[in-house]
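A short worksheet on the structure shown next.
The values are calculated or read from the model by the stated rules, or taken from the named source; none is laboratory data. No experiment lies behind these values; they were computed from the predicted model shown. A quick note on method: Cβ atoms are made from the backbone with ideal geometry, for glycine too, and the neighbour counts reach across all protein chains shown. The area values use the complete protein model at the heavy-atom level, side chains included, leaving out ligands, DNA and RNA. Shrake-Rupley method; radii C 1.70, N 1.55, O 1.52, S 1.80 Å.
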Amino acid sequence: VLFMGSELGYVSGIRVDTTMPPSELYYMGGNGLGGFNVTPLRGYDDNSIGPLSFGSSGGRPTPQGGRVLARFVTELRFALTLSPFPIYLLSFAEAGNVWASLREADPFNLKRSVGVGMRLLLQPIGLLGFDVGYGFDDNPIIPGLQTSGGKFNIQFGR
């Protein structure tokens, strides 16, 4: 199976000065299981893509969420066996980013990743996935913060 998909999103209020609650903003990175509206981007840490800020303590950066989202994925999946339970092997290539505003959005500034994975369909649990992805790009907003590299992800029900 060859799967190709894209997600594009923009969220805004009715008035210019509308404050958006954090649960309405976009977050990206990791397997997409943690947080409010997290879009997966394998090969990166959870919630590490997009606008980040240091807290008052100056420690680990926290995601701020963004108003604009773009994500593109291509995945090639092969059935290794279908009996007694289906096992699939896959390879993927993804690119995506989250921006704070429409003015900052740049469709050529996408974080890229590639990887391989496996899916098991277990009847009492559902779909169980294991992925190893490699992200190529660091987050330039905070210099020295490495968000890319090889990452292992586990997925349930996707």
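Here are the numbers for the structure shown:
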| item | result |
| --- | --- |
| Potential extension, F3-S91 segment - 0.36 nm per residue separation minus Cα distance | 30.6 nm |
| Full-stretch length increase - F152, T74 - with 0.36 nm per residue and alpha-carbon distance subtracted | 26.2 nm |
| For peptides 89-98, 63-72, sequence by mean Cβ density within 10 Å, most packed first | 63-72, 89-98 |
| Accessible carbon and sulfur surface of the chain relative to its total accessible area, %, 1.4 Å | 61 |
| Whether the chain is rounded, prolate or oblate, judged on the alpha carbon gyration tensor where a/c under 1.5 counts as rounded | prolate |
| Average accessible area per residue (Å²) across the chain - probe 1.4 Å, nucleic acids and ligands excluded | 57 |
| Segment N109-E24, extension gain: residue separation times 0.36 nm, minus the distance between their alpha carbons | 28.3 nm |
| Burial order of peptide ranges 104-113, 41-50 (average beta-carbon count within 10 Å, highest first) | 41-50, 104-113 |
| Local net charge near G66, Cβ-Cβ under 14 Å (Lys/Arg +1, Asp/Glu -1) | 0 |
| Whole-Hz ³J(HN,Hα) from phi, Karplus 6.51 cos²θ - 1.76 cosθ + 1.60, for region 74-84, glycine and proline x | 10, 9, 10, 10, 10, 7, 7, 7, 10, 9, x |
| Relative contact order computed over the chain (Cα-Cα under 8 Å; 6+ residues apart), in percent | 22 |
| Alpha-carbon centroid distance for the pair region 92-118 / region 1-43, whole angstrom | 12 |
